[in-house]
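> Attaching a single structure in structure tokens format; questions to follow.
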Amino acid sequence: MRPTLATLFSCFVLTSFALAQDNATKDFAHYWKQATNAYQAKDYPAYFENMQAVMKFRPDNPNMKYNLAGAQALVGKSQEALVLLAKLADMGLIFDAAADEDFNAIKNSAAFKSILKKFEMNKAPVNHSEIAFKLSEKDLITEGVAYDPVTETFYVGSIHQRKIISRDKRGVVKDFATAQDGLWSVFGMRVDAKRRTLWVCSTVTPQMVGFQKEDEGFSSVFKFDLKSGKLIKRYNLPNQPQPHWLGDLVINSRGDVFITDSQAPGAVYAIFQQKDELELFIPAGPFRSPQGLDFSHDEKHLFVADYSIGILKFDVATKQHIKLAAPENLAWIGIDGMYFYKNSLIAIQNGINPHRVARFFLNKNFDSIERAEIIEANNPLFNEPTLGALVRDTFYYVANSQWGSFNKDGTIFPPEKLQEPIIMRVKL
């Protein structure tokens, strides 16, 4: 059980989720904790037993499959471990199995060496994107991007500097909104072109300038006037009785806004035009860490990407939901931004290795992923891609958010260790 990139995101989600659960409940968090304790105690039979239980709750989670393969190898189930590792390699994923001592018992086998070659092949770049533009401020730590088709202006949000930058069609860059408007770290954004407004998710994070520990867990939605740049209204969620993390949003044709709260166990909020209030739309039940979301073309269905468990489809009218089905060889978790495009979902996956942009093609009923196409992977410019925006048939996205550019004390890296923020584009 090595803390690889592919395991870290689930550990973050499940740890937050565990804090919200009854310790006596034998759920995913319970069995994961038992597995972790057994592994640390080198009680490998107990580790294997609990990992089997974990898989009942996360059957599509590739990093959990990897840990199960390690448990199998440790208890002498070599063939089962090899089969599972081969499936992970077929998903196009990368794991550093060669350096993992859990697999010492099978490292000399021809099958294991063949799997290692496949993991190595999965490091090959898949490049279809190009640089759309760069920003000169290296310490922005960019997360969200939005586009106004009327003025052909892009808006890019900053986690660290607590502001929104606009870039017009001539390439002129300026501050659109700042911390003086009350912004915290800026996450998902969308333009309502018809009503000339910019909707913004903003949350208190330790990575932002002026962070105060007592404010952690506060989150808001901001509504700006695109013409004047003035704040129209702010919709707040306090950090009591529980913290919040409003991370992404989508707007329907009526101007109603739907927002994901990714703070475990997660929820979806809404701001309806008639009420003009932030209200709970879908409670925590189906979620662990909801992230990107978008509507089907007829707006009857709302797709929500849960970072830990996959993609859920909700009937907007009834709120009934299903988890999409998917081929066994498809990795479809760890999704941050997600966008509906011509009966498919464009997904930015920064919770798996390699980070990638993928297109998941749906069946006619929108209840199953039929196949996947990798649009971008192993791009040397990637430094945790996050969110994007569809501009007709072109997808623009943040290529290098640089979330990892902070010291242990919370201070940001010096300029020489930072990159210019990059927005990439790809023709779909």
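> Collect the residues in segment 392-418 that are more than 21 Å from the chain's Cα centre (by Cα) and of a type outside the set (Asp, Glu), keeping them in residue-number order.
Arg392, Asn407, Lys408, Gly410, Thr411, Ile412, Phe413, Pro414, Pro415, Lys417, Leu418 - these are the residues of segment 392-418 that are more than 21 Å from the chain's Cα centre (by Cα) and of a type outside the set (Asp, Glu).
> Could you identify the single residue in Asn50, Asn63, Asn67 that is at pLDDT 85 or above, in a helix (DSSP H, G or I), among the polar types (S, T, N, Q) and touching a Gly at 6+ places or on another chain (Cβ under 9 Å)?
Going through Asn50, Asn63, Asn67 in turn, just one is at pLDDT 85 or above, in a helix (DSSP H, G or I), among the polar types (S, T, N, Q) and touching a Gly at 6+ places or on another chain (Cβ under 9 Å): Asn63.
> Right, Leu390: crowded, with 23+ Cβ neighbours inside 10 Å and assigned to a strand (DSSP E or B) or not?
Considered against the rule, which asks whether it is crowded, with 23+ Cβ neighbours inside 10 Å and assigned to a strand (DSSP E or B), Leu390 comes out as no.
> So, one more: Applying the selection to segment 277-325, what residues are closer than 20 Å to Val200 by Cα and loosely packed, with under 14 Cβ neighbours inside 10 Å?
Glu277, Glu279, Leu280
> Can you name every residue in segment 100-127 that is closer than 21 Å to Lys77 by Cβ and surrounded by fewer than 12 Cβ atoms within 10 Å (Cβ to Cβ)? Break it down into steps so the answer makes sense when it comes.
Initially, segment 100-127 is screened for residues closer than 21 Å to Lys77 by Cβ, giving 100-116, 118-119.
Glu101, Asn104, Asn108, Ala110 - these are the residues of segment 100-127 that are closer than 21 Å to Lys77 by Cβ and surrounded by fewer than 12 Cβ atoms within 10 Å (Cβ to Cβ).
> Would it be correct to say that Arg162 is crowded, with 18+ Cβ neighbours inside 10 Å, charged (D, E, K, R) and outside any helix (DSSP H, G or I)?
yes
> I'd like to know if segment 367-381 contains one or more residues that are surrounded by fewer than 23 Cβ atoms within 10 Å (Cβ to Cβ), in contact with a His (Cβ under 6 Å, 6 or more places away or on another chain) and either modelled with pLDDT of 95 or more or within 22 Å of Asp60 (Cα to Cα) (or both).
yes
> Filter segment 302-331 down to the residues that are touching a residue at least 60 places away in the same chain (Cβ under 8 Å) and within 11 Å of the chain's Cα centre (by Cα) and list them by number.
Tyr307, Ser308, Gly310
> In addition: Out of (1) within 22 Å of the chain's Cα centre (by Cα); (2) under 16 Å from His355 (Cβ atoms); (3) free of Cβ contacts under 8 Å to residues at least 40 places away in the same chain, the odd one out for Ala89 is which?
Only one criterion in (1) within 22 Å of the chain's Cα centre (by Cα); (2) under 16 Å from His355 (Cβ atoms); (3) free of Cβ contacts under 8 Å to residues at least 40 places away in the same chain is unmet by Ala89, namely (2).
> Filter segment 33-47 for residues that are outside any helix (DSSP H, G or I) and more than 23 Å from Asp96 (Cβ to Cβ) and give the result.
To start, the set of residues in segment 33-47 that are outside any helix (DSSP H, G or I) comprises 41-43.
Those that are outside any helix (DSSP H, G or I) and more than 23 Å from Asp96 (Cβ to Cβ): Ala41, Asp43.
For (1) of a type outside the set (Val, Ile, Thr); (2) in the same structural domain as Asp336 (by TED's automatic domain parsing); (3) farther than 22 Å from Val391 by Cα, each residue gets a yes or a no:
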site: Glu137; (1), (2), (3): yes, yes, yes
site: Glu143; (1), (2), (3): yes, yes, no
site: Val150; (1), (2), (3): no, yes, no
site: Ser158; (1), (2), (3): yes, yes, no
site: Val172; (1), (2), (3): no, yes, no
site: Ala177; (1), (2), (3): yes, yes, yes
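> Could I ask something else about it? Tell me yes or no: at least one residue of segment 59-82 is under 23 Å from Phe28 (Cβ atoms), β-branched (Val, Ile, Thr) and surrounded by fewer than 23 Cβ atoms within 10 Å (Cβ to Cβ).
Yes, some residue in segment 59-82 is under 23 Å from Phe28 (Cβ atoms), β-branched (Val, Ile, Thr) and surrounded by fewer than 23 Cβ atoms within 10 Å (Cβ to Cβ).
> Follow-up. Using the structure shown, decide if Leu237 is crowded, with 16+ Cβ neighbours inside 10 Å, closer than 17 Å to Gly217 by Cα and in the same structural domain as Gly144 (by TED's automatic domain parsing). Break it down into steps so the answer makes sense when it comes.
On the way: crowded, with 16+ Cβ neighbours inside 10 Å: yes; closer than 17 Å to Gly217 by Cα: yes; in the same structural domain as Gly144 (by TED's automatic domain parsing): yes.
Yes, satisfied.
This table checks each residue for (1) of a type in the set (Val, Ile, Thr); (2) outside any loop (DSSP other than H, G, I, E, B); (3) touching a Phe, Trp or Tyr at 6+ places or on another chain (Cβ under 9 Å); (4) buried (at least 21 other Cβ atoms within 10 Å of the Cβ).
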| residue | (1), (2), (3), (4) |
| --- | --- |
| Pro327 | no, no, no, no |
| Ile333 | yes, no, yes, yes |
| Met338 | no, yes, yes, yes |
| Asn353 | no, no, yes, yes |
| Arg359 | no, yes, yes, no |
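> Can you pull out every residue in segment 240-257 that is in a loop (DSSP other than H, G, I, E, B) and either modelled with pLDDT of 95 or more or outside the structural domain of Val186 (by TED's automatic domain parsing) (or both)?
Pro243, His244, Trp245, Asn252, Ser253, Arg254, Gly255, Asp256
> Based on this model, can you work out whether Gly292 counts as at pLDDT 95 or above, touching a Cys at 6+ places or on another chain (Cβ under 8 Å) and either more than 27 Å from Asp27 (Cβ to Cβ) or not hydroxyl-bearing (Ser, Thr, Tyr) (or both)?
no
> While we're on this one: Within segment 113-123, identify whether any single residue is β-branched (Val, Ile, Thr), outside the structural domain of Ala399 (by TED's automatic domain parsing) and modelled with pLDDT of 95 or more, and answer yes or no.
yes
> Restricting attention to segment 393-417, and to residues there that are in a strand (DSSP E or B) and out of contact with any Pro (no Cβ under 7 Å at 6 or more places or on another chain), which single residue is surrounded by the most Cβ atoms within 10 Å (Cβ to Cβ)?
Restricting to residues being in a strand (DSSP E or B) and out of contact with any Pro (no Cβ under 7 Å at 6 or more places or on another chain), the top hit is Phe395.
> Can you go through Gly188, Gly210, Gly217, Gly229 and tell me which one is outside any helix (DSSP H, G or I), under 20 Å from Val391 (Cβ atoms) and of a type in the set (Gly, Ala, Ser)?
That would be Gly188, the only listed residue that is outside any helix (DSSP H, G or I), under 20 Å from Val391 (Cβ atoms) and of a type in the set (Gly, Ala, Ser).
The values are calculated or read from the model by the stated rules, or taken from the named source; none is laboratory data. It should be emphasised that the depicted structure is a prediction, and the values quoted were computed from it without experimental measurement. Cβ: placed from backbone, ideal geometry, glycine included. Neighbour counts: every protein chain shown.
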